[in-house]
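Everything below concerns the one structure shown next.
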There are 2 protein chains.
Amino acid sequence: MTAPHTVLGRAVSLLRTFSFEEPVLTLSELSRRTGLHKATAHRLCRELVEHRLLDRVPGGYRLSRGLFELGMRASTERTLTEVALPFLQDLYERTHETVHLGVREGSDVVYLLKIGGHRQARSPSRTGGRMPLHATAIGKMLLAHADPGDVASLLTGPLERVTAHTVTAPGILHRQLERALDEGVAFEHEESAPGLTCVAAPVTVGEDVVAAVSAAGPLGRFWPARHAVVVRAVAAAIGAALARRSTP
Amino acid sequence: MTAPHTVLGRAVSLLRTFSFEEPVLTLSELSRRTGLHKATAHRLCRELVEHRLLDRVPGGYRLSRGLFELGMRASTERTLTEVALPFLQDLYERTHETVHLGVREGSDVVYLLKIGGHRQARSPSRTGGRMPLHATAIGKMLLAHADPGDVASLLTGPLERVTAHTVTAPGILHRQLERALDEGVAFEHEESAPGLTCVAAPVTVGEDVVAAVSAAGPLGRFWPARHAVVVRAVAAAIGAALARRSTP
DNA sequence: GCTCGTGTCTCGCTGAGTGAAACATCGGCC
DNA sequence: GGCCGATGTTTCACTCAGCGAGACACGAGC
């Protein structure tokens, strides 16, 4: 990572160095990855701890609960999440599989919500996490409704291969998107995680697709096509509820 | 708010000015509340937008999705949340009422998770939000297991009255805590919100109470005592699952 | 018209913040 | 034991990032 020449930038790049996979990082590690001088990283970390954005723990530093609280105050999609939750609960009760709510951010899905029960399949998605659009059902659904120009420029760039089954051929992907647009649901078969299948439907408010909903489960037990109708209905219901709320 | 004399501190106090109730703030409002000079606030906000911690929106600024993503990476309680979620789903399915998972932070509960369906009661709790310990069922349960010294010092200070029914008399509260310790559940009757009742049980790992679970519903429909057994069982199951995970 | 509140920009001054360097620990390893 | 490389911590003189007074532009509302 290239270190910016402003305090704020440095602090943010420190915070951004942490990830789901590496929640705890040592000072030297932080200094190395951000390119900051050890003394600088030390001073900044100490101050971030003071402000309760970082925690000092035995193995180094980690993002703190204060940051979690701050992040949850981000209103961007909070009304969306709050309106959608009851419907996602319904979806969960009907399927007892993992249920997602996601929005588009550039070439990624950002998951606003992920709920699941005891039998949930191993999947790389997490609330607040990201996945490439083209590798997930939700992503394809969002992409299908995206601006054609955006789609074109995304498909020309190289598409990351997440698993052996990830669709990286622009032609195939393009056909899948058209079909998704047609059917109102998108599918995914082991394209983001081995053994995982998924079906997604769009949440629309007026003309705009603001998010997408999905149900995911393990290959063998879970047959995406069988749940297409439910997922589509739930997504539609969320859209209706949102429209009702925004224009009372 | 008193403005600190460090860039980082100023930035953090800007971010902390936003709340659930006021998700969008104008620049002047921010400058006024933080005590920062308008020019300073402006510069900092611009930079925060650049780093995707703030969004520029028609009415002013608001916390952005980037901050949400960052906050969700905070690992502090993520394993707790992830382990607990399936059990909380069970609890929801059995009660179809609002379900909480909370931890203690000073004299507050911080809600790590709140799930609910269509019929959920109006309640001030939110995922990532706070409530005074003494005004909520979860809070009382956590307080009952807290260090006696902590409890004493909390009870001597003035106890905020959230609703007309909030217990602010140290004597009564103390008796409630003893009873909660005895029964393994704590109750709340319109003490955090009018018309809302709640029952909570502690999540214990070994000797430590790491969190508490609750089910809440509207007065009249929801009888906390009837759900005491379920809530206690769910909380115990979460504790067992956590213990299993931490010592494999 | 005037006025009040808002967001934006410039620019000279200064102290917050930098980073080299030295120091303190802690292991691991022969 | 002594050597080594890694980590975390502190000091200190230099300098540039950041500050804030002030000026400007815009829009809304009597």
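The values are calculated or read from the model by the stated rules, or taken from the named source; none is laboratory data. Bear in mind that the values here come from a model prediction, so they are computed numbers and not experimental data. Please note: Cβ atoms are built from the backbone with ideal geometry, for glycine as well, and neighbour counts cover all protein chains shown. The area values use the complete protein model at the heavy-atom level, side chains included, leaving out ligands, DNA and RNA. Shrake-Rupley method; radii C 1.70, N 1.55, O 1.52, S 1.80 Å.
Key figures
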{"read-out": "Some residue of the stretch B:69-79 being within 20 Å of B:Val230 (Cβ to Cβ), assigned by TED's automatic domain parsing to the domain that holds B:Ala200 and either aromatic (Phe, Trp, Tyr) or in contact (Cβ under 8 Å) with a residue 40 or more places away in the chain (or both)", "value": "no"}
{"read-out": "The stretch B:32-44, residues that are within 7 Å of DNA strand C (Cβ to nearest atom) and open to solvent by less than 60 Å² (accessible area, probe 1.4 Å)", "value": "B:Ala39"}
{"read-out": "Lone unmet requirement of (1) in contact with a helix residue (DSSP H, G or I) (Cβ under 6 Å, 6 or more places away or on another chain); (2) hydroxyl-bearing (Ser, Thr, Tyr); (3) more than 10 Å from DNA strand D (Cβ to nearest atom) for B:Ser31", "value": "(3)"}
{"read-out": "Cross-chain or 6+ apart pairs with Cβ under 6 Å, the stretch A:34-53 first and away from chain B (no Cβ under 14 Å), then within 12 Å of DNA strand D (Cβ to nearest atom)", "value": "A:Gly35/A:Ala3; A:Lys38/A:Ser31"}
{"read-out": "Failed criterion for B:Met72 (all others in (1) closer than 28 Å to A:Pro86 by Cβ; (2) within 16 Å of DNA strand C (Cβ to nearest atom); (3) surrounded by 18 or more Cβ atoms within 10 Å (Cβ to Cβ) hold)", "value": "(2)"}
{"read-out": "Hits in the stretch B:45-66 (condition: crowded, with 18+ Cβ neighbours inside 10 Å, more than 11 Å from DNA strand C (Cβ to nearest atom) and not polar (S, T, N, Q))", "value": "B:Glu47, B:Leu48, B:His51, B:Leu53, B:Leu54, B:Asp55, B:Arg62, B:Leu63, B:Arg65, B:Gly66"}
{"read-out": "Qualifying residue in the stretch A:131-150 (condition: of a type in the set (Val, Ile, Thr), within 14 Å of another protein chain (Cβ to nearest Cβ) and either outside any strand (DSSP E or B) or out of contact with any Asp or Glu (no Cβ under 6 Å at 6 or more places or on another chain) (or both))", "value": "no"}
{"read-out": "Test: residue in the stretch A:54-77 that is within 9 Å of chain B (Cβ to nearest Cβ), assigned to a loop (DSSP other than H, G, I, E, B) and over 19 Å from the mean Cα position of the chain (by Cα)", "value": "yes"}
{"read-out": "Among (1) farther than 30 Å from A:Thr79 by Cβ; (2) at pLDDT 95 or above, the one test that A:Val185 misses", "value": "(1)"}
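Yes or no, residue by residue, for (1) within 27 Å of A:Ser64 (Cα to Cα); (2) within 18 Å of the chain's Cα centre (by Cα); (3) open to solvent by 50 Å² or more (accessible area, probe 1.4 Å):
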residue	(1), (2), (3)
B:Val109	yes, yes, no
B:Asp147	yes, no, yes
B:Arg175	no, no, yes
B:Gly195	no, no, no
B:Glu207	yes, no, yes
B:Gly217	no, yes, no
B:Arg221	no, no, yes
